[in-house]
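Heads up, the thing below is written out as C-alpha coordinates.
The values are calculated or read from the model by the stated rules, or taken from the named source; none is laboratory data. None of the values given here were measured: they were computed from a predicted structure. Virtual Cβ from ideal backbone geometry, glycine too; neighbours counted across all protein chains shown. To get the accessible areas, we keep the full protein, side chains included, count just its heavy atoms, and leave off ligands, DNA and RNA. Shrake-Rupley method; radii C 1.70, N 1.55, O 1.52, S 1.80 Å.
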Amino acid sequence: MALLELEGVRKDYRQGRLTVPALRGIDLEVESGEFMAIAGPSGSGKTTLLNLVGCLDTPTEGVIRLDGIELAKLPKAQLADIRRRRIGFVFQSYNLIPVLTAYENVEFSLALLGENSSNVKDRVMRILADVGLSGLENRRPGDLSGGQQQRVAIARALVKGPDLVLADEPTANLDSETGKAIIELMLEMNQKKGTTFIFSTHDPMVMNYARRLVTVRDGRVAEDKRR
(Lines give C-alpha, C1' and ligand atoms only; values in the text may rest on other atoms or scores of the structure.)
Protein backbone atom coordinates (compact mmCIF):
# COMPACT_ATOMS: atom_id res chain seq x y z
CA MET A 1 0.00 0.00 0.00
CA ALA A 2 1.26 3.47 -0.87
CA LEU A 3 1.92 5.89 2.00
CA LEU A 4 -0.13 8.53 0.22
CA GLU A 5 -2.91 8.20 -2.39
CA LEU A 6 -4.75 10.97 -4.22
CA GLU A 7 -7.67 10.12 -6.49
CA GLY A 8 -9.47 12.73 -8.59
CA VAL A 9 -8.51 15.55 -6.23
CA ARG A 10 -9.98 18.94 -7.10
CA LYS A 11 -9.75 22.18 -5.18
CA ASP A 12 -11.79 25.26 -6.02
CA TYR A 13 -11.60 28.68 -4.37
CA ARG A 14 -14.25 31.36 -4.34
CA GLN A 15 -13.35 34.90 -5.39
CA GLY A 16 -16.54 36.88 -5.07
CA ARG A 17 -18.99 35.29 -7.49
CA LEU A 18 -16.24 33.46 -9.34
CA THR A 19 -15.10 29.88 -8.76
CA VAL A 20 -11.36 29.57 -9.38
CA PRO A 21 -10.04 26.01 -9.86
CA ALA A 22 -6.63 25.43 -8.28
CA LEU A 23 -6.49 21.64 -8.80
CA ARG A 24 -8.47 19.96 -11.58
CA GLY A 25 -8.27 16.24 -10.85
CA ILE A 26 -4.99 15.00 -9.37
CA ASP A 27 -4.22 11.27 -9.31
CA LEU A 28 -1.00 10.44 -7.49
CA GLU A 29 0.55 7.72 -5.35
CA VAL A 30 3.58 8.28 -3.13
CA GLU A 31 5.50 5.35 -1.67
CA SER A 32 7.17 5.46 1.73
CA GLY A 33 10.78 6.70 1.52
CA GLU A 34 10.38 8.75 -1.67
CA PHE A 35 12.36 11.97 -2.24
CA MET A 36 10.02 13.80 -4.54
CA ALA A 37 9.64 17.29 -5.99
CA ILE A 38 6.47 18.90 -7.30
CA ALA A 39 7.42 21.54 -9.85
CA GLY A 40 5.49 24.01 -11.95
CA PRO A 41 4.95 27.73 -12.57
CA SER A 42 3.31 30.07 -10.08
CA GLY A 43 -0.41 29.35 -9.90
CA SER A 44 -0.05 25.77 -11.08
CA GLY A 45 -1.36 24.32 -7.80
CA LYS A 46 1.86 23.15 -6.09
CA THR A 47 1.29 24.79 -2.72
CA THR A 48 -2.42 23.93 -2.76
CA LEU A 49 -1.47 20.28 -3.25
CA LEU A 50 0.94 20.36 -0.29
CA ASN A 51 -1.67 22.05 1.90
CA LEU A 52 -4.19 19.30 1.11
CA VAL A 53 -1.68 16.51 1.78
CA GLY A 54 -0.63 18.22 5.01
CA CYS A 55 -4.22 18.32 6.34
CA LEU A 56 -4.16 22.13 6.27
CA ASP A 57 -7.05 22.23 3.80
CA THR A 58 -9.68 19.88 2.38
CA PRO A 59 -10.40 19.01 -1.26
CA THR A 60 -13.53 20.16 -3.05
CA GLU A 61 -13.76 16.72 -4.67
CA GLY A 62 -11.75 13.53 -4.64
CA VAL A 63 -10.06 11.34 -2.05
CA ILE A 64 -6.77 11.66 -0.15
CA ARG A 65 -5.59 8.68 1.89
CA LEU A 66 -2.66 8.44 4.28
CA ASP A 67 -1.78 4.80 5.01
CA GLY A 68 -5.17 3.84 3.63
CA ILE A 69 -7.08 6.24 5.92
CA GLU A 70 -9.33 8.68 4.06
CA LEU A 71 -8.47 12.07 5.54
CA ALA A 72 -11.74 13.83 4.67
CA LYS A 73 -13.66 11.40 6.88
CA LEU A 74 -11.68 12.29 10.01
CA PRO A 75 -12.83 14.88 12.56
CA LYS A 76 -10.78 18.08 12.88
CA ALA A 77 -9.20 16.98 16.15
CA GLN A 78 -7.90 13.77 14.58
CA LEU A 79 -6.56 15.67 11.54
CA ALA A 80 -4.72 18.02 13.90
CA ASP A 81 -3.22 15.01 15.67
CA ILE A 82 -2.00 13.60 12.34
CA ARG A 83 -0.36 16.96 11.54
CA ARG A 84 1.37 17.02 14.92
CA ARG A 85 2.56 13.42 14.95
CA ARG A 86 2.98 12.17 11.40
CA ILE A 87 3.74 15.20 9.21
CA GLY A 88 6.66 17.63 9.43
CA PHE A 89 6.60 21.02 7.71
CA VAL A 90 9.50 23.08 6.34
CA PHE A 91 8.64 26.53 4.97
CA GLN A 92 10.61 28.98 2.85
CA SER A 93 10.24 31.63 5.59
CA TYR A 94 11.45 29.19 8.30
CA ASN A 95 8.52 30.06 10.69
CA LEU A 96 10.72 29.85 13.79
CA ILE A 97 9.62 31.46 17.06
CA PRO A 98 11.98 34.44 17.37
CA VAL A 99 12.12 34.59 21.19
CA LEU A 100 13.10 30.91 21.48
CA THR A 101 16.57 29.47 21.02
CA ALA A 102 17.35 26.87 18.38
CA TYR A 103 17.07 24.19 21.07
CA GLU A 104 13.73 25.54 22.31
CA ASN A 105 12.27 25.82 18.80
CA VAL A 106 13.00 22.12 18.22
CA GLU A 107 11.91 21.11 21.72
CA PHE A 108 8.59 22.92 21.16
CA SER A 109 7.71 20.38 18.45
CA LEU A 110 7.84 17.64 21.09
CA ALA A 111 6.04 19.75 23.69
CA LEU A 112 3.05 19.95 21.32
CA LEU A 113 2.90 16.16 21.51
CA GLY A 114 2.95 16.24 25.31
CA GLU A 115 6.43 14.74 25.38
CA ASN A 116 8.21 15.44 28.67
CA SER A 117 10.23 12.27 29.12
CA SER A 118 13.81 12.25 30.29
CA ASN A 119 15.12 11.57 26.78
CA VAL A 120 13.68 14.75 25.22
CA LYS A 121 16.95 16.64 25.71
CA ASP A 122 18.93 13.78 24.13
CA ARG A 123 16.55 13.67 21.15
CA VAL A 124 16.75 17.42 20.57
CA MET A 125 20.54 17.57 20.92
CA ARG A 126 20.96 14.56 18.63
CA ILE A 127 18.84 16.00 15.82
CA LEU A 128 20.56 19.40 16.11
CA ALA A 129 23.89 17.59 15.76
CA ASP A 130 22.52 15.64 12.78
CA VAL A 131 21.70 18.90 10.97
CA GLY A 132 25.08 20.45 11.77
CA LEU A 133 24.10 22.84 14.56
CA SER A 134 26.16 21.54 17.46
CA GLY A 135 27.32 24.50 19.52
CA LEU A 136 24.53 26.78 18.26
CA GLU A 137 21.75 25.38 20.44
CA ASN A 138 21.39 28.54 22.53
CA ARG A 139 21.24 31.05 19.68
CA ARG A 140 17.96 32.68 18.76
CA PRO A 141 16.87 32.86 15.09
CA GLY A 142 18.02 36.47 14.78
CA ASP A 143 21.57 35.35 15.59
CA LEU A 144 21.60 32.63 12.92
CA SER A 145 22.12 32.81 9.16
CA GLY A 146 19.29 31.92 6.78
CA GLY A 147 20.81 28.50 6.16
CA GLN A 148 21.19 27.85 9.89
CA GLN A 149 17.57 28.89 10.49
CA GLN A 150 16.43 26.46 7.81
CA ARG A 151 18.48 23.72 9.53
CA VAL A 152 16.61 24.47 12.76
CA ALA A 153 13.34 24.19 10.84
CA ILE A 154 14.42 20.82 9.43
CA ALA A 155 15.42 19.61 12.91
CA ARG A 156 12.04 20.76 14.26
CA ALA A 157 10.26 18.81 11.50
CA LEU A 158 12.29 15.64 12.01
CA VAL A 159 12.63 15.43 15.80
CA LYS A 160 9.18 13.85 16.21
CA GLY A 161 10.00 11.08 13.70
CA PRO A 162 7.32 11.91 11.09
CA ASP A 163 6.36 9.61 8.23
CA LEU A 164 6.24 12.55 5.83
CA VAL A 165 8.00 15.93 5.53
CA LEU A 166 6.43 18.60 3.30
CA ALA A 167 8.83 21.34 2.22
CA ASP A 168 7.33 24.38 0.48
CA GLU A 169 10.04 26.17 -1.56
CA PRO A 170 12.70 25.39 1.09
CA THR A 171 15.56 27.01 -0.88
CA ALA A 172 13.70 30.14 -2.05
CA ASN A 173 15.32 32.52 0.46
CA LEU A 174 18.79 30.98 0.33
CA ASP A 175 21.80 31.55 -1.91
CA SER A 176 22.62 28.69 -4.27
CA GLU A 177 25.47 27.25 -2.18
CA THR A 178 23.42 27.25 1.03
CA GLY A 179 20.39 25.88 -0.81
CA LYS A 180 22.49 23.00 -2.15
CA ALA A 181 23.72 22.21 1.37
CA ILE A 182 20.13 22.20 2.68
CA ILE A 183 18.88 19.82 -0.01
CA GLU A 184 21.87 17.51 0.52
CA LEU A 185 21.07 17.53 4.24
CA MET A 186 17.45 16.56 3.54
CA LEU A 187 18.60 13.80 1.19
CA GLU A 188 20.91 12.49 3.91
CA MET A 189 18.01 12.49 6.39
CA ASN A 190 15.86 10.68 3.83
CA GLN A 191 18.50 8.01 3.37
CA LYS A 192 19.36 7.62 7.07
CA LYS A 193 15.85 7.73 8.51
CA GLY A 194 13.69 6.60 5.57
CA THR A 195 11.52 9.71 5.93
CA THR A 196 9.42 10.58 2.88
CA PHE A 197 10.06 14.10 1.53
CA ILE A 198 7.80 16.03 -0.84
CA PHE A 199 8.95 19.46 -2.05
CA SER A 200 7.16 22.17 -3.96
CA THR A 201 9.76 24.12 -5.89
CA HIS A 202 10.75 26.40 -8.75
CA ASP A 203 14.44 25.62 -8.15
CA PRO A 204 16.14 23.54 -10.89
CA MET A 205 18.75 22.42 -8.35
CA VAL A 206 16.06 20.87 -6.13
CA MET A 207 14.53 19.20 -9.19
CA ASN A 208 17.92 17.69 -10.05
CA TYR A 209 18.28 16.15 -6.59
CA ALA A 210 14.76 14.73 -6.52
CA ARG A 211 14.47 11.03 -7.30
CA ARG A 212 10.97 11.66 -8.61
CA LEU A 213 9.82 14.82 -10.37
CA VAL A 214 6.11 15.54 -10.76
CA THR A 215 5.32 18.56 -12.95
CA VAL A 216 1.99 20.31 -12.39
CA ARG A 217 0.43 22.69 -14.89
CA ASP A 218 -2.99 24.33 -14.65
CA GLY A 219 -3.95 22.15 -11.71
CA ARG A 220 -3.14 18.84 -13.42
CA VAL A 221 -0.20 16.43 -13.42
CA ALA A 222 1.57 17.11 -16.71
CA GLU A 223 4.54 14.79 -16.20
CA ASP A 224 5.74 12.23 -13.64
CA LYS A 225 9.36 11.08 -13.94
CA ARG A 226 11.26 8.67 -11.69
CA ARG A 227 15.04 8.47 -11.61
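Numerical summary
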{"item": "Wholly within the range 19-94, strands (runs of 3 or more DSSP E) carrying at least 1 residues that are within 20 Å of A155 (Cα to Cα)", "result": "35-39, 87-91"}
{"item": "Extreme residue, farthest from M186 (Cα to Cα), among residues of the range 80-138 that are among the basic types (K, R) and open to solvent by less than 70 Å² (accessible area, probe 1.4 Å)", "result": "R83"}
{"item": "Pair list, Cβ < 7 Å and 6+ apart or interchain, from the range 46-63 residues that are among the small types (G, A, S) to residues that are open to solvent by 10 Å² or more (accessible area, probe 1.4 Å)", "result": "G54/R83; G54/F89; G62/E7; G62/G8; G62/R10"}
{"item": "Residue that is most open to solvent (accessible area, probe 1.4 Å) [pool: residues in the range 207-218 that are at pLDDT 95 or above and not in a strand (DSSP E or B)]", "result": "N208"}
{"item": "Residue among A167, A222 that alone is buried (at least 20 other Cβ atoms within 10 Å of the Cβ) and touching a strand residue (DSSP E or B) at 6+ places or on another chain (Cβ under 7 Å)", "result": "A167"}
{"item": "Failed item, numbered, when A157 is tested on (1) surrounded by fewer than 20 Cβ atoms within 10 Å (Cβ to Cβ); (2) assigned to a helix (DSSP H, G or I); (3) touching a Phe, Trp or Tyr at 6+ places or on another chain (Cβ under 9 Å)", "result": "(1)"}
{"item": "Single residue of the range 4-49 satisfying the filter (open to solvent by 10 Å² or more (accessible area, probe 1.4 Å) and hydrophobic (A, V, I, L, M, F, W, C)) that is nearest to G68 (Cα to Cα)", "result": "L28"}
{"item": "Criterion (acidic (D, E), open to solvent by 20 Å² or more (accessible area, probe 1.4 Å), over 23 Å from E107 (Cα atoms) and part of a helix (DSSP H, G or I)) met by exactly one of E177, E188", "result": "E177"}
{"item": "Single match in T195, T178, T201 (criterion: touching a strand residue (DSSP E or B) at 6+ places or on another chain (Cβ under 6 Å), over 17 Å from R83 (Cα atoms) and of a type in the set (S, T, Y))", "result": "T201"}
{"item": "D67, sole failed condition from (1) farther than 20 Å from L128 by Cα; (2) free of Cβ contacts under 8 Å to residues at least 12 places away in the same chain", "result": "(2)"}
